[in-house]
Amino acid sequence: MAPEKAGKEDWFSKLDAELEKKTMAVSRDRDELHMQKTNINKMLIEDLWNILNRFSKIGVNMTMEPTYSTFFAFEKDTFPEKWSFRGDVDFECVNNLQLIDRSQVQGRMGDSLKVWHYSAESTPRVRIVFDYCEGEHYYKYAGWKRIFGQFVLFDSELATADGERMHEILRDVIVAWYESHLRNNRDILISHLKESYEKGETFTE
């Protein structure tokens, strides 16, 4: 083999090894991120389902979106206590979750805990917010619209999202939400959110 050809092959073999190393590293990072998203989604889906059922014990009507049947399989006559995650669900593809208060009193209809995955500067992130109805306004060309406010409860890069921190925040908000229903006083919840969390966007529906 000519020295020049041998030198070119030696150069490419080094480049090829470097590219293979980079391929493996990126693949490992991607797999870890996918697993992180799957685990967080499973955790939050289970949390929302348990919260929904706890509120139902005091007569509070809530719904979960996507609906629970998207994620859970129930044994015969065991609804809602005994369930398992369905094997045909790709939890890594779940980008939005909601727990919505359907109560017809004190303007609660639409109060909701929301989770969504999004990307900022090509970095996957996860955010938890609480949306609440602030009232209604009449718009000349659109008619009556409900005005919603929002509080940002949690926002983090997906790779470093802390499940324990999420649970701390959820516990804090759910206790206030639950008490507000027990005392039939929605202001308990709204005041707590205003005192404890950053104000998000305002929008109409």
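Pairs needed: first member in the stretch 10-38, within 27 Å of L97 (Cα to Cα); second member anywhere, not in a helix (DSSP H, G or I); C-beta distance under 8 Å; at least 6 residues apart or different chains. Qualifying pairs under 8 Å: L33/P124; Q36/A161; K37/H117; K37/P124; K37/V126.
If the requirement is being of a type in the set (D, E, K, R) and modelled with pLDDT of 85 or more, which of these qualifies: E9, E4, E18, E32?
On the way: E9 fails: modelled with pLDDT of 85 or more; E4 fails: modelled with pLDDT of 85 or more; E18 fails: modelled with pLDDT of 85 or more.
So the residue among E9, E4, E18, E32 that is of a type in the set (D, E, K, R) and modelled with pLDDT of 85 or more is E32.
Considering each of A73, A120 in turn, give the residue that is at pLDDT below 95, loosely packed, with under 12 Cβ neighbours inside 10 Å and of a type outside the set (S, T, N, Q). The conditions single out A120.
Among strands (runs of 3 or more DSSP E) entirely within the stretch 67-140, having at least 3 residues that are aromatic (F, W, Y) singles out 123-139.
State whether the residues of the stretch 45-56 include one that is under 29 Å from T160 (Cβ atoms), of a type in the set (S, T, N, Q) and without any contact (Cβ under 8 Å) to a residue 12 or more places away in the chain. Write out each step before concluding.
Of the residues in the stretch 45-56, the ones under 29 Å from T160 (Cβ atoms) are 45-52.
Pick out the ones that are also of a type in the set (S, T, N, Q) and you get 50.
Filter again for without any contact (Cβ under 8 Å) to a residue 12 or more places away in the chain, leaving 50.
Scanning the stretch 45-56, I find at least one residue that is under 29 Å from T160 (Cβ atoms), of a type in the set (S, T, N, Q) and without any contact (Cβ under 8 Å) to a residue 12 or more places away in the chain, so the answer is yes.
Residues in the stretch 172-193 that are exposed (fewer than 12 other Cβ atoms within 10 Å of the Cβ) and either touching a Cys at 6+ places or on another chain (Cβ under 9 Å) or of a type in the set (K, R) (or both): R183 only. Scanning the stretch 19-38 for residues that are of a type in the set (S, T, N, Q) and under 18 Å from S119 (Cα atoms) yields a count of 2. Every listed requirement among (1) of a type outside the set (A, V, I, L, M); (2) in a helix (DSSP H, G or I); (3) loosely packed, with under 13 Cβ neighbours inside 10 Å; (4) modelled with pLDDT under 95 is met by N50 save one, (4). Here the stretch 165-205 is the region considered, the condition is being part of a strand (DSSP E or B) and not hydroxyl-bearing (S, T, Y), and the residue that is modelled with the lowest pLDDT is F203.
Can you find, within the stretch 149-164, the residue that is farthest from D101 (Cα to Cα) among those that are of a type in the set (D, E) and part of a strand (DSSP E or B)? Checking each candidate, the answer is E157. Got a sec? Which of E20, E32, E75 is in contact with a helix residue (DSSP H, G or I) (Cβ under 9 Å, 6 or more places away or on another chain) and over 25 Å from V129 (Cβ atoms)? Answer to the selection: E32.
The values are calculated or read from the model by the stated rules, or taken from the named source; none is laboratory data. Just so it is clear, the model here is predicted, and its values are computed rather than measured. Neighbour counts are summed over all protein chains in view; Cβ atoms, including those assigned to glycine, are modelled from backbone coordinates with ideal geometry.
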